[in-house]
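A.B. asks: Take this structure, written in structure tokens, and hold onto it; I'll ask about it next.
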Amino acid sequence: MKLFVAFVRIPLNHDYQKVQVLANSPAEAKEQLEIEYGEGSVARYPQELA
């Protein structure tokens, strides 16, 4: 697993927050974040941290 970071929109106050997530691929990271924060909440596609 790798560590990814993405910006997500928080539904209650519409602020953006930088979130880290463990996943095997960027697509899996995006899917996990959308499950947690809601579909369409990922503002910037997850990028792997070096």
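The values are calculated or read from the model by the stated rules, or taken from the named source; none is laboratory data. Owing to the predicted nature of the structure, the values given are computational and were not obtained by experimental measurement. No Cβ is skipped: glycine too gets one built from the backbone with ideal geometry, and neighbour counts run over all protein chains shown. For accessibility, only protein heavy atoms count, side chains too; no ligands or nucleic acids. Shrake-Rupley method; radii C 1.70, N 1.55, O 1.52, S 1.80 Å.
A.B. asks: Could you list, in sequence order, the residues of the stretch 1-25 that are charged (D, E, K, R) and part of a strand (DSSP E or B)? If you could, list the steps in order and put the result at the bottom.
C.D. replies: First, the residues of the stretch 1-25 that are charged (D, E, K, R): 2, 9, 15, 18.
Residues satisfying the conditions are Lys2, Arg9, Lys18.
A.B. asks: Report yes if some residue within the stretch 26-40 is at negative phi and part of a strand (DSSP E or B); otherwise report no.
C.D. replies: no
A.B. asks: Right, something else. Exactly one of (1) modelled with pLDDT of 90 or more; (2) loosely packed, with under 14 Cβ neighbours inside 10 Å; (3) more than 9 Å from the chain's Cα centre (by Cα); (4) of a type in the set (A, V, I, L, M, F, W, C) is unmet by Leu12. Its number?
C.D. replies: Leu12 satisfies all of (1) modelled with pLDDT of 90 or more; (2) loosely packed, with under 14 Cβ neighbours inside 10 Å; (3) more than 9 Å from the chain's Cα centre (by Cα); (4) of a type in the set (A, V, I, L, M, F, W, C) except (1).
A.B. asks: Further question: Could you identify the single residue in Ala23, Ala27, Ala43 that is at pLDDT below 95 and among the small types (Gly, Ala, Ser)? Please lay out each step first, then the result.
C.D. replies: On the way: Ala23 fails: at pLDDT below 95; Ala27 fails: at pLDDT below 95.
The match here is Ala43.
A.B. asks: Continuing with the same structure: Which residues, taken from the stretch 15-50, are among the acidic types (Asp, Glu) and over 10 Å from the mean Cα position of the chain (by Cα)?
C.D. replies: If the condition is that a residue be among the acidic types (Asp, Glu) and over 10 Å from the mean Cα position of the chain (by Cα), then Asp15, Glu39, Glu48 are the ones that fit.
A.B. asks: Among the numbered conditions (1) open to solvent by 60 Å² or more (accessible area, probe 1.4 Å); (2) out of contact with any Phe, Trp or Tyr (no Cβ under 8 Å at 6 or more places or on another chain); (3) at pLDDT below 95, tell me where Leu49 comes up short.
C.D. replies: Against the list (1) open to solvent by 60 Å² or more (accessible area, probe 1.4 Å); (2) out of contact with any Phe, Trp or Tyr (no Cβ under 8 Å at 6 or more places or on another chain); (3) at pLDDT below 95, Leu49 comes up short only on (2).
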